[in-house]
2 protein chains.
Amino acid sequence: MPQRPSPHQYQTARPARSHTSRVVDDLGLKIVSGAQQQGSLLPGDGELIERYGVSRTVLREALKTLSAKGLLQAKARIGTRVRPRADWNLFDPDVLVWHARIGFAPEFLKHLGEMRMALEPEAAALAASRRTPGQLQGLEDWAGRMDNPDIGQQDFVDADLGLHLAVAEAANNPFFLSISTLIEVALVAMLTASSPVESAARLKASVAQHRAIVDAIAARDPDAARKAMQAVVQTGIDGAR
Amino acid sequence: MPQRPSPHQYQTARPARSHTSRVVDDLGLKIVSGAQQQGSLLPGDGELIERYGVSRTVLREALKTLSAKGLLQAKARIGTRVRPRADWNLFDPDVLVWHARIGFAPEFLKHLGEMRMALEPEAAALAASRRTPGQLQGLEDWAGRMDNPDIGQQDFVDADLGLHLAVAEAANNPFFLSISTLIEVALVAMLTASSPVESAARLKASVAQHRAIVDAIAARDPDAARKAMQAVVQTGIDGAR
DNA sequence: GTCAATAATAAGTCATACTTTTTATTGACT
DNA sequence: AGTCAATAAAAAGTATGACTTATTATTGAC
């Protein structure tokens, strides 16, 4: 049973409101949600052109975009099929946001948590050995923002997210940059799934956990950084139940 | 100094030799290789249409595909720019294969190794707790194939790759399926970078290491599986140095 | 019953004209 | 001189219609 979608505004939310992106968005959402099933054949151009009230040009460019993300495959004489989920590029920011928009099924939440547990602790460990002085300063700043006692709910989430993204960046490995949207979606998903109003005690504990990550990175201690991040991610997973 | 590209045939190698895919391929390679620099403006349609000898339709669909992968961004009145590498979807199979085709810079090899080290041990740990009987059988089969004393070079690589992909699949988490191409590219990269003819002793050691992974997964021992996979990946990284 | 010619279908391509968005320029007005 | 709004220009975006190619199913000869 999917949780309700969160009101969070994802970075990926494109202001590009062209006809093409409207069609991409709607079809992408239909596919990810299962309204257009895996392996199924899309309606022919004629029907889709009529459904969306666009030209063949727009429709084809939209299908090209979805094909590029692994969601569709066109074959002559057959038509355009929805590819099996195993072929989707789940790390694609759009695909991730579509998953977020349909609400988070517990199963999906679990899978997201497992990815965070694989990636973020390693990112923290790498950051500990490779962070630049400037990156460390950025991390300290984010930790400082979280530590503000009368911080609002939204600002806390932003600071939390900012810190995690800063860790990923400080790993100085471009692959960890590519998972920024995954971190964003996963973190927001877990915070959304947990109680909307966290107790002051829990907030304080969270701040301390995050501070431990930054301290370990400051001390250039990869193992401590990894452990500290594992604790944070585990807390997030537990909170989301 | 990039290593030479390997002769390996990647799964992603599309037989789709349409005009569009030719343009996508060529431009994608130019961008990834840096021949078309990050942040730079692409030539106007007129010039690209002439360069590739295609229609505007084909050119636009190619640009849409590259935009979908995060490589390009179009803005009215400005033109189409190559986005900074931080925005590329490095997990996209095509983007990965383009990286492979230009040869592996030591830096890129290091980053790939770090990703493997983050992902594969966790996949092995998850597989240990979640693998189905059928998946276990598949793993045993791959290990058996590697163990053949008079196996050829190519068949050994195939079995090696097959086993790693089977572990990722047995994690029963769709995100780990999405990194199949990453595993493939990284593994081939490391085998390519290491000595082309491995000694019999090293091959035997490799077989034993892989067997340990399968045994741990069979025994439903996540920690042992994680450790065994870490050893394998570390060996690959060391060999590539 | 096999196999090759062929018909049918949907994707792919081309050419052209037009619309919208965004930025730079121009020129009036304070 | 400096501000600001009207306007021009450039490039992306959209629309339309006709045509080509690839692939599969059908047909018919052997």
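The values are calculated or read from the model by the stated rules, or taken from the named source; none is laboratory data. Quick caveat, the model's predicted, so the values are computed rather than measured. Virtual Cβ from ideal backbone geometry, glycine too; neighbours counted across all protein chains shown. Just so you know, the surface numbers come from the protein's heavy atoms only, side chains and all, with ligands and any DNA or RNA stripped out. Shrake-Rupley method; radii C 1.70, N 1.55, O 1.52, S 1.80 Å.
Since only A:G152, A:S33, A:A212 are under comparison, the one whose Cα sits farthest along the positive direction of the charge dipole of chain A, derived from C-beta charges on Lys, Arg, Asp and Glu, is A:S33. Using R0 = 56 Å, the C-beta based FRET efficiency linking B:R17 and A:K204 works out to 0.40. For the cross-link pairs A:K75/B:K30; A:K30/A:K110; A:K30/A:K69; B:K30/B:K75; A:K69/B:K75; A:K30/A:K75, the ones whose C-alpha atoms lie over 19 Å apart are A:K75/B:K30; A:K30/A:K110; B:K30/B:K75; A:K69/B:K75; A:K30/A:K75.
Provide the buried accessible surface between chains A and B in square angstrom, both chains summed, 1.4 Å probe, rounded to the nearest 100. The A and B chains share an interface burying roughly 3100 Å². Let me make sure I get this right: for the range A:105-240, a, b and c are the square roots of the gyration tensor eigenvalues over alpha carbons, sorted descending. Under 1.5 in a/c it's rounded, otherwise prolate if a/b > b/c, else oblate. Which is it? The shape class here is oblate. Enclosing the Cα atoms of chain B in their convex hull gives a volume equal to 131 cubic angstrom per residue.
Inter-chain neighbour count for A:49-60: the average number of beta-carbon atoms from partner chains within 10 Å of each residue's beta-carbon is 1. Taking a point 7 Å out from the Cα of A:S33 in the direction of its Cβ, the residues of the range A:49-71 whose backbone N falls within less than 16 Å of it are A:52. For the residues of A:69-82, the average number of beta carbons from a partner chain within 10 Å of their own beta carbon is 1.
Shortest first and in nm with one decimal, please list how far the B:P149 label point sits from its counterparts in the other copies (point 7 Å along Cα→Cβ). From this label point to the equivalent ones elsewhere in the assembly: 7.5 nm.
The range A:10-60 and the range A:184-216 have Cα centres lying 36 Å from one another.
Sequence-ordered 3J(HN,Hα) estimates for the range B:50-56 from the Karplus curve with 6.51, -1.76 and 1.60 and θ = phi - 60° stand at 6, 4, 9, x, 10, 7, 4 Hz, glycine and proline given as x. Which FRET efficiency, nearest 0.05, do B:S55 and A:S55 yield, Cβ-Cβ r, R0 22 Å? Given R0 = 22 Å and the Cβ-Cβ separation, E is 0.90.
The mean number of Cβ atoms from other chains found within 10 Å of a Cβ in peptide A:148-158 is 0, as a whole number.
When each of the peptides A:215-227, A:87-99 is scored by how many other beta carbons lie within 10 Å of its residues on average, the order from highest to lowest is A:87-99, A:215-227. FRET efficiency for the B:A86 to B:A218 pair, using the beta carbon distance and R₀ = 35 Å, is estimated at 0.25.
Just to confirm a number: summing +1 for Lys and Arg and -1 for Asp and Glu over residues other than B:S55 whose beta-carbon lies under 15 angstrom from that of B:S55, what do you get?
Summing Lys/Arg as +1 and Asp/Glu as -1 gives +3.
Inter-part distance, the range A:68-145 to the range B:62-121, computed on C-alpha centroids, equals 14 Å. Solvent exposure of the range B:105-240, expressed per residue, is 39 Å² of accessible area, with all protein chains present and a 1.4 angstrom probe.
As a rough guide to protection, the peptides A:24-36, A:107-119 ranked by mean Cβ packing within 10 Å, highest first, stand as A:107-119, A:24-36.
Interface residues of the range A:115-132, defined as those with an accessible-area decrease of at least 50 Å² between the chain by itself and the complete set of protein chains (probe 1.4 Å), are A:M115, A:A118. The fraction of accessible area contributed by carbon and sulfur in chain A is 53 percent, rounded to a whole number (1.4 Å probe; ligands and nucleic acids excluded).
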